[in-house]
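Colleague: Provided herewith is a single structure, encoded as C-alpha cells, for subsequent inquiry.
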2 protein chains.
Amino acid sequence: MDNFIAHILVVDDDDGIRSLVKKYLNENNFLISTANSAEDAAEKIKIVKFDLIILDIMMPGKNGLEFIQENKKKIDTPIILLTAKGEANERVVGLEIGADDYLPKPFEPKELILRIQNIISKTKKNDLKRVIEFKNIKIDLNKNLIIKNDLEYKINNTEKIILEKMINNPGKTFTREDIGLQIDSDKERSIDVIITRLRKKIEIDPKNPKFLQTIRGSGYVLWIE
Amino acid sequence: MDNFIAHILVVDDDDGIRSLVKKYLNENNFLISTANSAEDAAEKIKIVKFDLIILDIMMPGKNGLEFIQENKKKIDTPIILLTAKGEANERVVGLEIGADDYLPKPFEPKELILRIQNIISKTKKNDLKRVIEFKNIKIDLNKNLIIKNDLEYKINNTEKIILEKMINNPGKTFTREDIGLQIDSDKERSIDVIITRLRKKIEIDPKNPKFLQTIRGSGYVLWIE
DNA sequence: AATATAACTTACCTATTATGAAAGAACTTT
DNA sequence: AAAGTTCTTTCATAATAGGTAAGTTATATT
C-alpha cells in the first residue's frame, strides 16, 4: 500500500475539488499532497520534489498562470492545468508558458488518470543518469568525481548541478540564463568562469573543448558519445 | 511558397468549420485536404499519406470514434479529435481508442496550431535531417560541423540556418531573397560571400562547386546524393 | 568581338561575444 | 580565528560573425 506510482501536488482553492481529486487519485495508487493557493504551492515545492503538479488556473490571489511563470523554470516538474470550460485563450497561454497539458473542466476522473499516466511515463522513462562514461572520461555524480586519464577531479555542487542537467540533455544548448536559474545566479560572467573550470576537469584539451562546447551567442552544450 | 510543414486531413461535416480551419492552417504553411464524412476520410487515407488527421467526433453517418476504431491500427497517422465542449466522456473514449490529442470546441486557432506543432514535432523529429552524409562529406547540424576528408570545419549559426533549409529541400532553388529572409539580411552581396564561405567548407573543389551550385539569375541549390 | 550583367573572391573593418587570469568577497570547515 | 573553497568581479586579450568594398572572373546579350 505504500508503493505509490508518483507523488502529485494538487493545487486548487476549491475544497471540494481538492478532496475529490485526492480521494480518487489515492485510490489509484498516487500519493497526493494538496495546496489551496499558488502561494501555498510555491512553499511546498521548495520542500518536496513532486513528480507532477495539477494546477487550477482560476484561484484567488495568484492564479495558476502566474504560478507557472514564476516557478516553471526553476523546477522541472510537469504541470497539468485545470481550465474552466471554453477558456481557449487560457489554454493557449498556459501551454505557451510551459504547462505540459491541460484538462478542461468538467473532466472525467478517468481522463485525469490517462493524462497523468501519459505525462508520468514520458518523464520517468529517461530516468536520470548519474554515472556516465565516454572516451577516457568518467563522470560520477554520486561521488562528485570526474575521472580523466585515471586522474580524479572533484566537482563541487554548482558544477554538479550543471553537469547533471547537461548530461541528461546531451546535445541541448543551455543559455546562460538556463544555467543561471539552476544554480541560482544571474551573473553571466560567473557562468563563463564556471564553464572554464569545468572544462579544465572534463576536457582533454581545455583550450579546444570537444565535449563542453560554446554556442556563440547562445550558450553551452555538452556532447557525449 | 510550396514548402509545407505538413499535410493535414481535416474531417468535419460542417462546411463552415472545414473551410475556416483550412484557411487558417493554410496561412500557417500547412497543406490541407478535407473530407466531409468518416467515409470520405477513409477513402482519402487509402490514397494519401497524411501527417496528421483532425477529426470531428460528431458527424452524421459514422462518427469520429468509429473512424478511429476502424482505421487507427492500419495507419499510424496521429489524430487530433475535435470534441463538443464538456463532453468529457467522449474525450476519454477517444484517447483510449487511439486519438493522440483532442481539442474541445470552441478553440482558438492559435491553440490548434500549438497542438498540431506539438504532435508533428513528436512524429517528425526524426524525419528532419540533422546529419547527412554524401561522398566524402558529412554535415552534422547538431554539432555545427562539416567533416570533409576527415577534417572538421565549424559552421556558424548563419551557415547552419542556410544549410538546414537546403538540406531539407535538396534540389530546390533558393533565391537570395529566400535566404535573406532566413538569416534576416537584405544584403544580396553578403549572401554571395556567405555562399563562398560555405563552399570552402562543403566543396571538394570550392572553385568548381558540385553540391552548392549557382543558378544564375535565380539563386542557389544544394545537390546531395 | 564588344558590352553589360551577374557572381565570385579577397582583404579588411567593426561590433559583439568569449576567454583567462587574478584578486577580492562570501561562505564553510576546521 | 585561521584556512580553505567557491563565487563574483574586473579587465585585458582573443576569437568570431558578418558586412563592405573593389577588383576579378564568368556568363549572357547585342
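Colleague: Inside the range A:161-177, can you point out the residues that are open to solvent by 40 Å² or more (accessible area, probe 1.4 Å) and under 19 Å from A:Lys73 (Cβ atoms)?
Modeller: A:Ile161, A:Glu164, A:Lys165, A:Asn169, A:Lys172, A:Thr173, A:Thr175, A:Arg176, A:Glu177
Colleague: Report, by residue number, each residue of the range A:170-200 that is at pLDDT 90 or above, in contact with a strand residue (DSSP E or B) (Cβ under 7 Å, 6 or more places away or on another chain) and of a type in the set (D, E, K, R).
Modeller: A:Arg176, A:Arg199
Colleague: Would you check if A:Thr77 is touching a residue at least 24 places away in the same chain (Cβ under 8 Å) and away from chain B (no Cβ under 14 Å)?
Modeller: Judged against the criteria, A:Thr77 is a match.
Colleague: Still on this model: Does B:Glu164 satisfy the criteria of being more than 16 Å from B:Trp223 (Cα to Cα) and either away from chain A (no Cβ under 14 Å) or within 14 Å of DNA strand D (Cβ to nearest atom) (or both)?
Modeller: It is false that B:Glu164 is more than 16 Å from B:Trp223 (Cα to Cα) and either away from chain A (no Cβ under 14 Å) or within 14 Å of DNA strand D (Cβ to nearest atom) (or both).
Results for (1) farther than 25 Å from B:Asn142 by Cβ; (2) away from DNA strand D (no atom under 16 Å from the Cβ); (3) within 14 Å of chain B (Cβ to nearest Cβ), shown as yes or no for each residue.
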residue	(1), (2), (3)
A:Thr83	yes, yes, yes
A:Arg91	yes, yes, yes
A:Leu95	yes, yes, yes
A:Lys105	yes, yes, yes
A:Leu112	yes, yes, yes
A:Lys138	no, yes, no
A:Asn157	yes, no, no
A:Lys172	no, yes, yes
A:Gln182	no, no, no
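Colleague: Taking the range A:154-193, which residues are outside any helix (DSSP H, G or I), within 16 Å of DNA strand C (Cβ to nearest atom), under 19 Å from the mean Cα position of the chain (by Cα) and of a type outside the set (Lys, Arg)?
Modeller: Across the range A:154-193, the qualifying residues are A:Thr173, A:Phe174, A:Thr175, A:Asp184, A:Ser185, A:Asp186.
Colleague: Go through the range B:43-71 residue by residue and tally those that are more than 24 Å from B:Lys110 (Cβ to Cβ) and crowded, with 17+ Cβ neighbours inside 10 Å.
Modeller: Counting residues in the range B:43-71 that are more than 24 Å from B:Lys110 (Cβ to Cβ) and crowded, with 17+ Cβ neighbours inside 10 Å gives 7.
Colleague: Taking the condition within 14 Å of chain B (Cβ to nearest Cβ) and either more than 16 Å from DNA strand C (Cβ to nearest atom) or surrounded by fewer than 14 Cβ atoms within 10 Å (Cβ to Cβ) (or both), does A:Ile116 pass?
Modeller: Yes.
Colleague: Can you confirm whether A:Glu39 is among the charged types (D, E, K, R), within 19 Å of A:Ala99 (Cα to Cα) and assigned by TED's automatic domain parsing to the domain that holds A:Gln117?
Modeller: Yes: the conditions hold for A:Glu39.
Colleague: Is it the case, given these coordinates, that B:Phe107 is within 29 Å of A:Val92 (Cβ to Cβ) and either outside the structural domain of B:Tyr24 (by TED's automatic domain parsing) or open to solvent by 20 Å² or more (accessible area, probe 1.4 Å) (or both)?
Modeller: Judged against the criteria, B:Phe107 is a match.
Colleague: Name the residue, out of B:Thr34, B:Thr77, B:Thr83, that is under 22 Å from the mean Cα position of the chain (by Cα) and open to solvent by less than 30 Å² (accessible area, probe 1.4 Å).
Modeller: B:Thr77
Colleague: For the subset of the range B:192-225 comprising residues that are of a type in the set (Asp, Glu) and more than 12 Å from DNA strand D (Cβ to nearest atom), which member is surrounded by the most Cβ atoms within 10 Å (Cβ to Cβ)?
Modeller: Going through the qualifying residues, I end up with B:Glu203.
Colleague: Out of all the residues in the range A:209-225, which are more than 11 Å from chain B (Cβ to nearest Cβ) and either near DNA strand C (Cβ under 10 Å from one of its atoms) or more than 10 Å from A:Gly171 (Cα to Cα) (or both)?
Modeller: Scanning the range A:209-225 gives A:Pro209, A:Leu212, A:Gly219, A:Tyr220.
The values are calculated or read from the model by the stated rules, or taken from the named source; none is laboratory data. Model, not experiment: these values are computed from the prediction. So basically every Cβ, Gly included, is an ideal-geometry build from the backbone, and we count neighbours across all protein chains shown. Heads up: the accessible areas ignore ligands, DNA and RNA and are worked out on the full protein's heavy atoms, side chains in. Shrake-Rupley method; radii C 1.70, N 1.55, O 1.52, S 1.80 Å.
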